[in-house]
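Report on one structure; see the data block that follows.
Any read-out appearing in this document is the output of simple, stated calculations on the displayed coordinates, not a laboratory observation. Just so it is clear, the structure is predicted and the values come from calculations on it, not from any experiment. Note that we place each Cβ from the backbone using ideal geometry, even for glycine, and neighbour counts take in every protein chain shown.
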Amino acid sequence: MEQTRNVENDSNKYIEETEQNMLRAFDKVQKRYGWTDDYVLSIPYSRLMDLFSFISQEEQQEELNEWKKMAFIGFQTRQLEEGTTFHDYLQAFGLTESRSDGEENETMEVWSKEECIDHANKLIAEFQFEDDKE
């Protein structure tokens, strides 16, 4: 019984966090494109997930560019070893975009709304089956 309550509390907490993350993602889409709630809600689920992913990548790139700007100022004002290039300087701070070959070819699987619901139902059924065993 106690374990069931813990699972329910964890599930509720997860659902609340997921809901908050979705609301933040909706706000980002609306802020970036100026779309209304109705328009965002009318977008197909898979396209919406693509938008969330795209915006996240864009924000990461913007953040990286800001760090590079700050690094450029540091590069110009610091006394460095002769022959040190700006690329070397960026690399020393982990600000280069060098990726391994495996990362570039990696594709992300996107599930439809129905697939997500089916998966969630399977997980719930597994938890219920485990509770029935006890």
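The table below lists the values:
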| item | result |
| --- | --- |
| Restraint check, Lys68/Lys113; Lys13/Lys69; Lys13/Lys68; Lys31/Lys68; Lys28/Lys69, Cα-Cα greater than 30 Å | Lys68/Lys113; Lys13/Lys69; Lys13/Lys68 |
| At 1.567 mPa s and 4 °C, Stokes D of segment 1-42 from Kirkwood alpha-carbon radius, µm² per second | 108 |
| Estimated D of segment 1-73 in µm² per second, where Rh is the Kirkwood radius over Cα pairs and Stokes-Einstein applies at 37 °C, 0.692 mPa s | 221 |
| Pairwise label distance in nanometres, Glu97 with Glu63, each label 7 Å out on the Cα-Cβ vector | 1.6 |
